[in-house]
């Protein structure tokens, strides 16, 4: 298939990567797994077995008028353990490489169909200034855009990190959550060739 590069030129790309079927359930599974992998899962509380103390009865069994208690670390008492205590856990979900690549192909193809993928020959900044990046993005008539380059560009990264509706990633760090998180995705032709080679 053909993609139009900003400026009027056309670029031949593989149908298997940029014209794949839209697989909503696969995208949902991969995006959910990706976001879950970022969760710390370090929440922890102490149950009655982990709380220190409580070896002796807090008061005698009978004659006090109170309910009987066998330990001062019972969950119903102050400073006692937690009934259903949280413990550290992993939220990771297994997603194999074939599924991950299939989801990326499906997302990229849908971006092309919705005309949300913008291709330029090159994207560079002379200096690491936010004002310069804003002007360049405005020149392309874009807003809420993810910028993707073939190599890590510190100039673009420094200029974009303070902009709320502008993201930046090199192609080797591209992920499905970033691709669906912006209204437009701007890529260079070098990025397209790299994705085509990796996902074909």
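The values are calculated or read from the model by the stated rules, or taken from the named source; none is laboratory data. Bear in mind that the values here come from a model prediction, so they are computed numbers and not experimental data. Cβ coordinates were reconstructed from backbone atoms using ideal geometry, including for glycine residues, and neighbour counts include every protein chain displayed.
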Q: Output the residue which, of all residues in the stretch 65-106 that are in contact (Cβ under 8 Å) with a residue 60 or more places away in the chain, in contact with a helix residue (DSSP H, G or I) (Cβ under 7 Å, 6 or more places away or on another chain) and in a loop (DSSP other than H, G, I, E, B), is surrounded by the most Cβ atoms within 10 Å (Cβ to Cβ).
A: 95
Q) Can we say residue 148 is closer than 21 Å to residue 10 by Cβ, touching a strand residue (DSSP E or B) at 6+ places or on another chain (Cβ under 6 Å) and surrounded by 13 or more Cβ atoms within 10 Å (Cβ to Cβ)? A) yes
Q. In this structure, is residue 31 surrounded by 12 or more Cβ atoms within 10 Å (Cβ to Cβ), under 37 Å from the mean Cα position of the chain (by Cα) and not in a loop (DSSP other than H, G, I, E, B)?
A. yes
**Q.** Within the stretch 151-168, considering residues that are in contact with a helix residue (DSSP H, G or I) (Cβ under 7 Å, 6 or more places away or on another chain) and farther than 21 Å from residue 190 by Cβ, the one surrounded by the fewest Cβ atoms within 10 Å (Cβ to Cβ)
**A.** 162
Q. What helices (runs of 4 or more DSSP H) lie completely within the stretch 107-196 and have 2 or more residues being more than 21 Å from the chain's Cα centre (by Cα) and touching a residue at least 12 places away in the same chain (Cβ under 8 Å)?
A. 130-139, 154-160
(Q) If I filter the stretch 13-25 for residues that are modelled with pLDDT under 95 and in contact with a strand residue (DSSP E or B) (Cβ under 6 Å, 6 or more places away or on another chain), do I get at least one hit? (A) yes
